[in-house]
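Visitor: My structure is below; once you've seen it, I'll send some questions.
The values are calculated or read from the model by the stated rules, or taken from the named source; none is laboratory data. None of the values given here were measured: they were computed from a predicted structure. We place every Cβ from the backbone using ideal geometry, glycine too, and count neighbours over all the protein chains shown. Ligands, DNA and RNA are stripped out before the accessible areas are found, and what is left, the full protein with its side chains, is counted by its heavy atoms. Shrake-Rupley method; radii C 1.70, N 1.55, O 1.52, S 1.80 Å.
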Amino acid sequence: MGVYKKIKPFLKPFLIILAIYCVAMIAIWRANVAYIDDNGRLITGKGWTSDFNRYSSSLLSFLLLQMRFSLVDISPWSQIVAMIFLSIATLIVVWRFGDIKNKVQLIAGALIGLTPFTLVCWLYKFDAPCMALALLASVIPFIFTKKKNLIKFSVISLICLLVTLTSYQAFCGVYIVLLLALLLKDIVEQNKVADNLKTLGCGLGTMIAAALFFILILPSPEGYRSTEMLALAELIPGLFRNVGAVFARIWEVFPINWLTALMCVIGSYLVSLFVFSKRKGARRLLDVLAGASFFCLAIPASYGIYLLLAEAPTNARSLVGIGSVFALMAIFTVNRISSKKILPKIALCVPACVLVYLFFIFAFTTGNALAEQRKFSDYINGELASDLTDIYESREELANKKVQIQGGIGYTPSVEHVADLYPITYDLIDDFQVGLSYLSWGSWALRYNYGLEYNHLGSLESAWNCDEMEQKMDGYYYRISEKDNNVCIEIKEAK
């Protein structure tokens, strides 16, 4: 009964946030698309222990899958679990930096999980709960910052950061963003900043310790991305280059309506810091300066460890921490409104709600676009499988062939229309969904879902020249050629 009394005030806000996220995911769940890595996991049941040292992900899947390490498709339950983790993380942020009784702040908090950079994480069936676990682990330590117990905070931070680093490392940037937000909160509320400087120092020290453990103790991560760090001589220019790449990426993929809403959120955030400052006169500008500094530091900080990479990625999943910056600005804005007049409240609250709504709608658009692209891919695969079985009548004949698939099917007209409006669509529905070559959606579907057996040559580093091979057929969507037991399938992009 005592436990229920403690959690009761959090239940209704939690359900509100969970409802927002789950409704936003309806189109994605309905599409039921096996997204990138999902295809391999569906067929082989392979987990994550050898993929970037994701031991926490493997443990979570073990618990979700009734004590089995071999993966099976349990969607949408896996994605619902992701939304539960995401909702808890959002609730903690709103509770620590705002007021969970304020519904507008709960809506604003949803920016953590609804930005297009974060949305891509929830497209996965298998990886979604593991990514949400990484976000939750980055947020949990801040439950223990109110009582200023640095030892407890440091120990819990170390444990949680190791969970983040062994599930999905990109979310570690959220931890740094929240440390900066604690400092901003103390400045604008005129609390003792020295206490939070200690917390900031402990937090950064703990993160360095966790990163060193991950880098030095655990085996080097295996994967497709370079983990080479910036050389000492290149550190400063490299950092500025990577920071510039983050801001440039936001500018590049955000359409004008998103940028307008975001500028309004930033504007209302700075205005609220000035208008509702506890300081007098020109000293109010100190709060505005602190707020602007938070934004300029938090955006790069949300990039996490990627800031230090020599070849820093700028794809959507590498920028997952940016949503926490948007959410915190919106929460700070709404939380500081002390005016009883309705117009100032509306003027300052509306931008955050509009931005959430725009991302909310984009989640529907993404789910529907994925479904259309999948239909097209399934059609091409079906046709290709049928033609291959016509050319090679026996299973044994095809099984002995070495097959190389080149090219991609391109995007459906509906997806291209969506991408014209939202350029980041090409990040979410990328070559893995469009191509039929190595690691692509189509390759897995052709080899396994259609029951075809052949020796697949994945890498296209030494692509065969189909023009030098005997042509078996030349159709509208692809050409099939053969030479010396080597079969080349050249996919033609639909126009």
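Visitor: From the protein chains alone at 1.4 Å, what is the descending order of accessible area for 77, 251, largest first?
Guide: Output order, biggest surface exposure first: 251, 77.
Visitor: Sum up the charges of everything whose Cβ sits under 14 Å from the Cβ of residue 300, counting Lys and Arg as +1 and Asp and Glu as -1, but leave residue 300 out.
Guide: The answer is +2.
Visitor: Heavy atoms only, 1.4 Å probe, whole protein assembly: order 365, 118 by accessible area, highest first.
Guide: Ranked from most to least accessible, the order is 365, 118.
Visitor: Moving on to the next point. Taking 0.36 nm per residue of sequence separation and subtracting the Cα-Cα distance, how much length would be gained by fully extending the chain between residue 251 and residue 200, in nm to one decimal? Walk me through the numbers on the way to the answer.
Guide: Working: separation 51, 0.36 × 51 = 18.36 nm, distance 2.99 nm.
Gain in length upon complete extension: 15.4 nm.
Visitor: What does the charge count near residue 174 come to, summing +1 for each Lys or Arg and -1 for each Asp or Glu among other residues with Cβ under 15 Å from its Cβ?
Guide: +2
Visitor: May I ask for the net charge around residue 96, where only other residues with Cβ less than 10 Å from the Cβ of residue 96 are counted and Lys, Arg are +1 while Asp, Glu are -1?
Guide: On the way: positive: 146, 185; negative: none.
With Lys, Arg at +1 and Asp, Glu at -1, the net is +2.
Visitor: Moving on. Taking 7 Å along the Cα-to-C-beta vector as the label spot, tell me the residue 234-residue 8 distance in nanometres, rounded to one decimal.
Guide: Placing both labels 7 Å along Cα→Cβ, they lie 6.0 nm apart.
Visitor: Whenever you get a sec, line up 488, 353 from highest to lowest accessible area (probe 1.4 Å, protein heavy atoms).
Guide: The residues order as 353, 488, largest area first.
Visitor: Taking the full set of protein chains and a 1.4 angstrom probe, give the accessible area of residue 268 in square angstrom, rounded to the nearest 10.
Guide: Counting only protein heavy atoms, the figure is 10 Å².
Visitor: Here's a follow-up. Multiply the residue separation of residue 417 and residue 473 by 0.36 nm, subtract the distance between their alpha-carbon atoms, and state the gained length in nm to one decimal.
Guide: Stretched out fully, the residue 417 to residue 473 stretch lengthens by 17.0 nm.
Visitor: Using a 1.4 Å probe, how large is the accessible area of residue 464, given in Å² and rounded to the nearest 10?
Guide: Accessible area of residue 464: about 60 Å².
Visitor: Determine which aspartates and glutamates satisfy two conditions relative to residue 146: a Cα distance under 20 Å, and not lying fewer than 8 residues away in the same chain.
Guide: By straight Cα distance, residue 146 reaches 99, 186, 189, 195.
Visitor: Okay, next question. According to the square roots a ≥ b ≥ c of the eigenvalues of the Cα gyration tensor, what is the shape class of region 247-361, taking rounded for a/c under 1.5, prolate for a/b larger than b/c otherwise, and oblate for the remainder?
Guide: Cα axes put region 247-361 in the oblate bin.
Visitor: Run the simple label-point estimate for residue 259 and residue 393 please: 7 Å along Cα→C-beta, distance reported in nm.
Guide: 6.2 nm
Visitor: Which length gain, in nm to one decimal place, applies between residue 492 and residue 400 when the Cα-Cα distance is subtracted from 0.36 nm times their residue separation?
Guide: 30.6 nm
Visitor: Label region 296-337 by shape, choosing from rounded, prolate and oblate, from the square roots a ≥ b ≥ c of the eigenvalues of the Cα gyration tensor; if a/c is under 1.5 it is rounded, and otherwise prolate applies when a/b is larger than b/c, oblate when it is not.
Guide: It is prolate, given that a/c is not under 1.5 and a/b is the larger ratio.
Visitor: To the nearest 10 Å², what's residue 287's accessible area with a 1.4 Å probe?
Guide: Ignoring ligands and nucleic acids, residue 287 comes out at about 0 Å².
Visitor: What lysines could a cross-link reach from residue 46, if we take a straight Cα to Cα line under 27 Å and drop same-chain neighbours fewer than 8 places away?
Guide: List returned: 125, 375, 401, 402.
Visitor: Give me the percent of the accessible area of region 76-128 that comes from carbon and sulfur atoms, probe 1.4 Å, all protein chains in place.
Guide: Answer for region 76-128 is 71 percent, counting heavy atoms of protein chains only.
Visitor: Once neighbouring chains are kept in place and the probe is 1.4 Å, which whole percent of the accessible area of region 344-386 is contributed by carbon and sulfur?
Guide: For region 344-386, the apolar C and S fraction of the accessible surface comes to 67 percent.
Visitor: Using alpha carbon centroids, what distance separates region 318-368 and region 64-134, in Å?
Guide: Using only Cα atoms to place each centre, the spacing works out to 18 Å.
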